[in-house]
Amino acid sequence: MKFTVLTFGCQMNVHDSDWLIRAMESRGWTAVEESEANIFIINTCSVREKPEQKVYSVLGRLAPLCKNPGDFVAVGGCVAQQIGAGFMEKFPHVRLVFGSDGISQAPAALEDLARNHDKKLVLTDFVPEYPEREGGEVSSNLDLLPPGIGTIPGQAFVNIMQGCDNFCAYCIVPYTRGRQKSRAAEAVISECRSLVMAGVREITLLGQNVNSFGMDKKGAELTFAQLLYRISEIEGLERIRFTTSHPKDIAPEVIKAFGELPNLCPSLHLPVQSGSDRILKKMGRKYDRARYLGIVDGLREACPDIALTTDIIVGFPGETDEDFEQTMDMMERVRYESSFSFKYSDRPGVAAVRMHPKVDEEVAQNRLARLQESQNRITRESLEALTGREMVVLLERPSRKQEDGGVSWRGKDPGGRVINVHFEGCAEEAKLGGKLVRVKIIEAKNHSLVGAKLGEPW
Ligand code: 5AD
Ligand code: SF4
């Protein structure tokens with residue numbers, strides 16, 4: 001069967017799609033371009049802004065492509081969890097809907113539907129335990145992975161949990177991904193081990209709130225810090241990252257790990273959401289400015305070079321100019337290397353829908369623009385401060401801009417910064433993805449660095 005996967009949303013979705021592609025390929029299906037596919041899988045996201053409309057427009061576009069009796073569309077992810085069978089009523093070419101927990105059964109369901117053309121299936125039940133996924137084992141030859149699916153040579157993502165228990169007032173995730181369910185620590189560790197054996201050098205642990213790993217199992221599991229120490233021992237694993245972290249759950253042992261574990265990357269995404277204590281309280285974030293700044297100080301003490309990034313929402317209901325200034329002040333104090341910032345938008349069913357007054361659209365837009373301007377300046381300044389330094393870059397793919405007399409590659413330093421490196425006299429098709437190279441930073445651009453190669457890649 002020829003299939004294609006269209007992915008929206010966060011890293012967890014990208015990772016889910018990668019897994020699904022591998023699982024279907026191991027069952028003999030072939031991942032192809034949209035124009036050649038018979039079966040279309042849409043992995044949806046509902047965290048922000050009109051996601052349903054986006055899915056409906058994709059479904060409209062795909063309708064004429066489902067020409068033969070065996071052609072169909074499967075809708076998965078957060079919007080699927082929300083709308084469920086509703087998709088099938090509006091769009092007859094949708095024959096499978098699977099939610100957050102349903103994905104582990106999706107491969108078998110897809111096969112079943114490809115054989116039985118009259119059948120339709122809805123997999124949106126939540127299950128009490130983390131559903132282990134089978135059949136998506138990483139190939140020992142990473143070159144065999146289908147291209148263009150977010151797979152970067154030498155890098156892999158590993159799910160450690162599913163769902164979230166926090167119910168931040170603006171957030172739909174606990175409703176679409178369900179309650180927190182940690183995966184068994186041994187399953188996580190053995191997946192990491194087999195990835196490293198297959199040639200992976202960098203692993204990113206994924207979950208909505210990785211710092212509360214194991215807490216749903218009431219002490220029966222390793223803590224997140226213990227998990228990090230165990231994974232860090234895997235021989236050949238050069239880099240570990242994790243995302244996302246809720247500030248209220250980051251344990252002192254995790255902060256200490258940044259100073260102790262040589263392969264734990266000096267970078268942390270620590271969503272602050274707002275710099276105003278009043279708004280943080282309304283958001284239900286359970287920390288205040290002082291506590292957040294205390295964590296930042298602790299992290300910088302343990303690991304002076306740590307690169308911090310964040311998520312910020314502007315225009316949360318009731319946010320005043322004064323509240324927003326507090327957020328601007330937070331940016332200056334922490335000096336994030338980069339941030340994702342969003343205008344608040346109502347999501348169905350979340351607590352903030354009933355909070356008032358809503359912030360005027362234009363006011364929110366101006367706040368967002370000011371915040372992003374200040375972030376751009378801080379990003380530029382922090383990148384400029386790195387010129388002259390030596391770094392090790394994990395190469396990902398050829399750079400967008402190429403110059404004559406060699407080939408340029410783009411990769412990341414341990415802090416997660418994008419660095420472009422030129423390889424003089426090197427053939428264009430050189431296979432440098434997944435290799436490490438030592439460089440000296442010679443130039444800072446607005447959002448990236450330029451490094452001069454100091455030795456041969458390994
Ligand atoms: N409105 C705007 N931004 C939101 N986010 C989550 N929910 C909303 C919402 N309703 C942002 C948060 C979160 C990121 C993934 O998306 O900043 O950290
Ligand atoms: Fe949403 Fe808050 Fe859970 Fe993050 S911690 S997924 S923002 S509810």
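Structure data summary
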{"item": "Out of Asp305, Asp288, Asp329, sole residue that is free of Cβ contacts under 8 Å to residues at least 12 places away in the same chain and over 20 Å from the mean Cα position of the chain (by Cα)", "result": "Asp288"}
{"item": "Meets criteria (assigned by TED's automatic domain parsing to the domain that holds Ala23, under 19 Å from Gly9 (Cβ atoms) and not charged (D, E, K, R)) for Gly70", "result": "no"}
{"item": "Residue match in the stretch 388-397 (condition: open to solvent by 70 Å² or more (accessible area, probe 1.4 Å) and modelled with pLDDT of 95 or more)", "result": "yes"}
{"item": "Residue in the stretch 16-29 that is assigned to a strand (DSSP E or B), among the aliphatic types (A, V, I, L, M), open to solvent by less than 30 Å² (accessible area, probe 1.4 Å) and at negative phi present", "result": "no"}
{"item": "Any pair with Cβ under 6 angstrom, 6 or more apart, that starts in the stretch 429-454 at a residue that is open to solvent by 20 Å² or more (accessible area, probe 1.4 Å) and ends at one that is assigned to a loop (DSSP other than H, G, I, E, B)", "result": "Gly433/Pro153; Lys435/Pro457; Arg438/Leu454; Arg438/Gly455; Lys440/Leu454; Ala444/Thr387"}
{"item": "Of the criteria (1) more than 13 Å from ligand 1 (Cβ to nearest atom); (2) of a type in the set (Gly, Ala, Ser); (3) touching a residue at least 12 places away in the same chain (Cβ under 8 Å), which one Gly294 fails", "result": "(3)"}
{"item": "Checking His356 against (1) surrounded by fewer than 16 Cβ atoms within 10 Å (Cβ to Cβ); (2) in a loop (DSSP other than H, G, I, E, B); (3) within 16 Å of ligand 2 (Cβ to nearest atom), the condition it does not meet", "result": "(3)"}
{"item": "Among (1) open to solvent by 10 Å² or more (accessible area, probe 1.4 Å); (2) of a type in the set (Ser, Thr, Tyr); (3) farther than 24 Å from Phe340 by Cβ - the single one Ser182 does not satisfy", "result": "(1)"}
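The values are calculated or read from the model by the stated rules, or taken from the named source; none is laboratory data. Here the structure is a predicted model, which means the values were calculated and not measured. Note that we place each Cβ from the backbone using ideal geometry, even for glycine, and neighbour counts take in every protein chain shown. Please note that ligands, DNA and RNA were not included when accessible areas were found on the heavy atoms of the full protein model with its side chains. Shrake-Rupley method; radii C 1.70, N 1.55, O 1.52, S 1.80 Å.
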